[in-house]
Amino acid sequence: MKFFNTTLFISLLFVTMSCSTIMNGSKSEVKVTSNPTDAIVFVNNMELGPTPAILRLQRGETHLIEIKKPGYKDYRITTSREITGWFWGNIICGGLVGGAIDLITGNAYDVEPKYINVNLNKDTALNEFYDLENFNGINLTDDNGNNLGEIKIVWE
């Protein structure tokens, strides 16, 4: 019976330690949407794919999220980290050792914000230089004005 009680105590001790790690895991989900859709999402300068997207980001770290689409201004946001509620539960149930484990591993934190919904703005820098509504190509000429060729541009 003494062996059973000791085993039960040790098992409970390990289960209650690092509660945030057990309940949340080492990654936090961030949902990203954009208008227009199909903008490309970059996290820490790595391309992850088009919007809409669900990012699984390492807890305990900040991340630079960029949303890019040709013809639109880039959107940038740096995430922050906030203590998760499971950390406080761990302090109450698992004590300082479990809390210390969660802090050291970074799993005591959530990545914030959890939702990023972006309305991308048209990039007007090109519109100020070119009349893009009527721009459909480039004519190449020599110094005498003779036509050497042209480049046609099709806008989507």
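Tabulated data
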item	result
Enumeration of residues in region 23-68 that are within 13 Å of VAL118 (Cβ to Cβ) and of a type in the set (S, T, N, Q)	THR33, SER34, ASN35, THR37, THR51
Identity of the residue in region 14-45, closer than 19 Å to ARG59 by Cα, modelled with pLDDT of 90 or more and of a type outside the set (Val, Ile, Thr), that ends up surrounded by the most Cβ atoms within 10 Å (Cβ to Cβ)	PHE42
Candidate set: region 67-97, residues that are in a strand (DSSP E or B) and buried (at least 17 other Cβ atoms within 10 Å of the Cβ); chosen: the one modelled with the lowest pLDDT	ARG81
Cβ-Cβ under 8 Å pairs, at least 6 apart or on other chains, region 50-62 side more than 16 Å from SER26 (Cα to Cα), far side of a type in the set (Asp, Glu) and assigned to a loop (DSSP other than H, G, I, E, B)	PRO50/ASP38; THR51/ASP38
From the options ASN134, ASN139, ASN127, residue that is touching an Asp or Glu at 6+ places or on another chain (Cβ under 9 Å), at pLDDT below 90 and surrounded by fewer than 11 Cβ atoms within 10 Å (Cβ to Cβ)	ASN139
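The values are calculated or read from the model by the stated rules, or taken from the named source; none is laboratory data. This one's a predicted model, so the numbers in the text were calculated from it and none came from an experiment. Please note: Cβ atoms are built from the backbone with ideal geometry, for glycine as well, and neighbour counts cover all protein chains shown.
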